[in-house]
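I have placed the structure first, in the form of structure tokens, so that the comments after it can refer back to it.
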Amino acid sequence: MLSMKEKLYDLLSRILEIHKDEINDEISPINTPTWDSFNAIMMIAELEKASGVRFDMADLMAVKNVGDIKKILDKYKIKYEC
Amino acid sequence: MNALKEKIISQSDTMASCILLSKEIDKISKKIDKKVAVLSNFTVKGLSECLRVKSFINDIFLQVYEGEYGQWKQEILGNRLYEFKPDIIFLLVDAHGLDNNIIYGDDGTNHDEIEKSKKEAKNELSQLIDYIKRKTNAKIVVSNSVKIWPPIAGIFDSKLKNGYYGIVDDYNNNLLKAYKNDGQVFIFNFNEWLGYIGKKNFWCGKYYFVADMRLSPEAIPLLAEELTSYLIPLAGKKKKCIVLDLDNTLWGGVIGEDGLSGIKLSPTGDGQQFYYFQKLLLSLNKKGVLLAINSKNNEADVKEVFLKHPHMVLKENNIVSSKINWNNKAENIQAIVQELNIGLDSLLFVDDDLSNRELIKQTLPEVSVLDLPTDSTKYVQTLLDYKGFNTFEFTEEDKKRNEMYLQEKQRNEYKNSFIDIDTFLRGLDLRVSIKEVDDFLAPRIAQLTQKTNQFNLTTNRYQEDDIENFIKSGNILWALDVSDKFGDYGTTGFCLVKDVPDGWEVDSILLSCRVLGKKVEEQFFGFILNELKKLKPKKVRAYYKPTLKNNQVKDFYKTFDFCKVKSSETEDIWERDLSDYRFNKHDFIKIDKC
């Protein structure tokens, strides 16, 4: 089984087309041109599928970078590191 | 290619993975089988990639044109759509997007406004569809409108003069009625489909407010899969025959162990799921899908079930080929396609046993395999969800198909009882009727030129209007009808001869594989040569253009004493002078000239 962190990094890498090693908490739409509105939607859909959680709109609005995504996973008590 | 197909089958469930997989398809092939345009009044971004990926599973390569966001009307009225030359246009239009009055319905004060909105929504859409029809012959698939639950007026909606459901139902019914008899326009019941996958989860949820996506992105791969129902018949990838296992597929249990009274098959209680699965198979059979059996069993046990079990829905006369033995199932499938003279790629294999399914997937990758779930109560829905039997038309041929194949089976049994072929043919009471092609026959002739591969000397493919043009410009077009004591084969042969200055030129001659092996091809062409001689006893030039499938006819003209005057990789040219031609008529074939 992949850990949530691996799943998250895997989907970010696939959708944003960046290498897993380059992903850090500071990755955001500002420094990553592939993080456009359409890819953001796909990230949500993939993350919901991987985690089994349905995020609400406020969660989505609060995301400004990868670090924020981890905070939301924390909020739903999803451990992203096993 | 098969590796990518496997990968797609297991991974194409999200939009993000479809987008990546679509890029992988680009890497392995630049092929385009069909061009698809998608126009919508709600966001379906990503549908293009999903369509390409889901079609690839069915061996169809697509190029997709996605209309600009929010501009479906401009797209229809502009030129870009038509410059793309689509083969099919998906018009996904939801009435809520056409007018807001529709969703809020009657509040007691706005009756006139609603009447006006209803009319406008209907007129606008039909005008746009008619405009597309004037610009292209592409198939047009129009979605109906979604009805959401619950209506704003609640339980009183059914009492309102213009209740919400009343309005949307009217809109949907009008759409259905307007195009009922139009072969170009098909109505996609988007509302029912969305209900099936789940409106509560997939329609106007969070994504609508975040990104203006009425249809949730999770539903887009599912929509693409559903729309392959139109792409499969469009690309000619329809399946013709279901190859069925028996134990735990057509009935519960194992006949060899449980016995006639022990197997589960009943219209009530235990065994119901198998009874209704057979009902579904029977209904497909009536629509022209052939059924064959491939089972490891003792033939006598199975015969007993077919003859004596009170609840067997399928009867022996629904089955065109039976392989009941202890051979491996791949060998049996080979035997079935040979017997029925159809391609491996026109089969669907249905078996509850995973190892048998794997065997077929590995050894005969052209065969489609239905992944039956372990739970037999899900068989019916699994087969219903399979898209490969969809069709744009239901022809006389489809209605008669089962009967025709059964007749062929009887013929073969009859044939096996003879030692020499002429005695067999003599006993068949063969009758051929040769007639000139008229406009009435043109659709069937065009279909024959499209479908015939084996006995086809030049494989020239023609459309209906090509045939009509040949008739108009004074060429000689003959059609062949064949029947025997077991039944009628219908129009199964065609020959097109052109009048050229130094004699005649045979443009096409073909026979459907159903009538091969009866020497009617010799009679058909012999008769034609004789007629040509009467008209003008000069030289006949004929061609053989080799393809992967027509090797059996490469020396056809030799039989008629033609000389090969030129031979190259792409064609052989044969010639013969008609002045000394004599027609050898077989005494066992009767020729009616109409």
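The values are calculated or read from the model by the stated rules, or taken from the named source; none is laboratory data. Just so it is clear, the structure is predicted and the values come from calculations on it, not from any experiment. Note that we place each Cβ from the backbone using ideal geometry, even for glycine, and neighbour counts take in every protein chain shown. With ligands, DNA and RNA removed, areas are computed over all heavy atoms of the protein, side chains included. Shrake-Rupley method; radii C 1.70, N 1.55, O 1.52, S 1.80 Å.
Of a type in the set (S, T, N, Q), open to solvent by 20 Å² or more (accessible area, probe 1.4 Å) and within 14 Å of chain A (Cβ to nearest Cβ): does that describe B:Q11? When the stated conditions are applied, B:Q11 passes them. For the range B:211-240, how many residues are hydroxyl-bearing (S, T, Y), without any contact (Cβ under 8 Å) to a residue 60 or more places away in the chain and open to solvent by 10 Å² or more (accessible area, probe 1.4 Å)? Number of matching residues: 0. If you go through the range B:20-70 and keep only what is within 20 Å of B:D94 (Cβ to Cβ), aromatic (F, W, Y) and in contact with a helix residue (DSSP H, G or I) (Cβ under 8 Å, 6 or more places away or on another chain), you end up with just B:F42. The residue that is most open to solvent (accessible area, probe 1.4 Å), among those in the range B:470-511 that are assigned to a strand (DSSP E or B) and farther than 21 Å from B:E522 by Cβ, is B:D499. Picking from residues in the range B:22-42 that are touching a Lys or Arg at 6+ places or on another chain (Cβ under 7 Å) and not small (G, A, S), the one that is nearest to B:I88 (Cα to Cα) is B:K35. Could you check the range A:17-51 and list, in sequence order, the residues that are within 13 Å of chain B (Cβ to nearest Cβ), under 15 Å from A:K5 (Cα atoms) and either among the acidic types (D, E) or part of a loop (DSSP other than H, G, I, E, B) (or both)? Of everything in the range A:17-51, those that are within 13 Å of chain B (Cβ to nearest Cβ), under 15 Å from A:K5 (Cα atoms) and either among the acidic types (D, E) or part of a loop (DSSP other than H, G, I, E, B) (or both) turn out to be A:E46, A:E48.
If we scan the range B:126-139, do we find a residue that is part of a helix (DSSP H, G or I), in the same structural domain as B:P86 (by TED's automatic domain parsing), modelled with pLDDT of 90 or more and polar (S, T, N, Q)? Checked against the condition, which is being part of a helix (DSSP H, G or I), in the same structural domain as B:P86 (by TED's automatic domain parsing), modelled with pLDDT of 90 or more and polar (S, T, N, Q), the range B:126-139 yields at least one hit.
Of the residues making up the range A:1-16, those that are more than 13 Å from chain B (Cβ to nearest Cβ) and open to solvent by 60 Å² or more (accessible area, probe 1.4 Å) number 4. For the range B:272-370, no strands (runs of 3 or more DSSP E) sit wholly inside it while including 3 or more residues that are basic (K, R). Whether a residue is under 21 Å from the mean Cα position of the chain (by Cα) and among the aliphatic types (A, V, I, L, M) was assessed, and B:I32 passes this test. Being touching a residue at least 12 places away in the same chain (Cβ under 8 Å) and not assigned by TED's automatic domain parsing to the domain that holds B:V141 is true of B:E366.
Checking each residue in the range B:213-231 for being of a type in the set (V, I, T) and either within 12 Å of another protein chain (Cβ to nearest Cβ) or outside any helix (DSSP H, G or I) (or both) picks out only B:I220. Looking at the range B:391-452, the helices (runs of 4 or more DSSP H) lying wholly inside it that each contain 1 or more residues that are surrounded by 13 or more Cβ atoms within 10 Å (Cβ to Cβ) and polar (S, T, N, Q) sit at B:396-416, B:442-451. Count of the range A:52-82 residues, restricted to those that are acidic (D, E) and assigned to a helix (DSSP H, G or I), is 3.
The residue list A:K64, A:K79 contains one member that is at pLDDT 90 or above and either in contact with a Gly (Cβ under 7 Å, 6 or more places away or on another chain) or open to solvent by 50 Å² or more (accessible area, probe 1.4 Å) (or both), which is A:K64. Of all residues in the range B:14-28 being under 17 Å from B:S48 (Cα atoms) and among the aliphatic types (A, V, I, L, M), which is surrounded by the fewest Cβ atoms within 10 Å (Cβ to Cβ)? Per the stated criteria, the residue is B:L20.
Does B:Y208 count as hydroxyl-bearing (S, T, Y), within 14 Å of chain A (Cβ to nearest Cβ) and in a helix (DSSP H, G or I)? Answer is yes for this residue. Could you tell me whether B:S158 is small (G, A, S) and either open to solvent by less than 10 Å² (accessible area, probe 1.4 Å) or within 14 Å of chain A (Cβ to nearest Cβ) (or both)? No: the conditions fail for B:S158. Filter the range B:513-554 for residues that are charged (D, E, K, R) and in a helix (DSSP H, G or I); which is most open to solvent (accessible area, probe 1.4 Å)? Step by step, filter the range B:513-554, then rank; the result is B:K534.
Filtering the range B:247-271 to residues that are closer than 29 Å to B:K399 by Cβ and not β-branched (V, I, T) leaves B:L250, B:W251, B:L265, B:P267.
Condition test on B:D182, is it surrounded by 17 or more Cβ atoms within 10 Å (Cβ to Cβ) and assigned by TED's automatic domain parsing to the domain that holds B:Y65? The answer is no for B:D182.
Conditions: (1) touching an Asp or Glu at 6+ places or on another chain (Cβ under 9 Å); (2) under 16 Å from B:P217 (Cα atoms). A:S13 meets all but one. Number of the miss? Going through the list (1) touching an Asp or Glu at 6+ places or on another chain (Cβ under 9 Å); (2) under 16 Å from B:P217 (Cα atoms), A:S13 breaks only (2).
When you check B:K323 against the structure, is it in contact with a Ser or Thr (Cβ under 8 Å, 6 or more places away or on another chain), charged (D, E, K, R) and either crowded, with 19+ Cβ neighbours inside 10 Å or in contact (Cβ under 8 Å) with a residue 12 or more places away in the chain (or both), yes or no? Yes, satisfied. Among the residues making up the range B:30-52, a single one is more than 14 Å from chain A (Cβ to nearest Cβ) and hydroxyl-bearing (S, T, Y): B:S40.
Just one residue in the set B:L284, B:L290, B:L280 is open to solvent by less than 10 Å² (accessible area, probe 1.4 Å) and hydrophobic (A, V, I, L, M, F, W, C); that residue is B:L290.
Of the listed requirements (1) among the hydrophobic types (A, V, I, L, M, F, W, C); (2) open to solvent by less than 50 Å² (accessible area, probe 1.4 Å); (3) at pLDDT 90 or above, B:A95 misses just one: (3). So in the range B:71-92, with the set limited to residues that are among the hydrophobic types (A, V, I, L, M, F, W, C), part of a helix (DSSP H, G or I) and open to solvent by 10 Å² or more (accessible area, probe 1.4 Å), which one is nearest to B:Q127 (Cα to Cα)? Looking at the filtered set, the residue picked out is B:L77.
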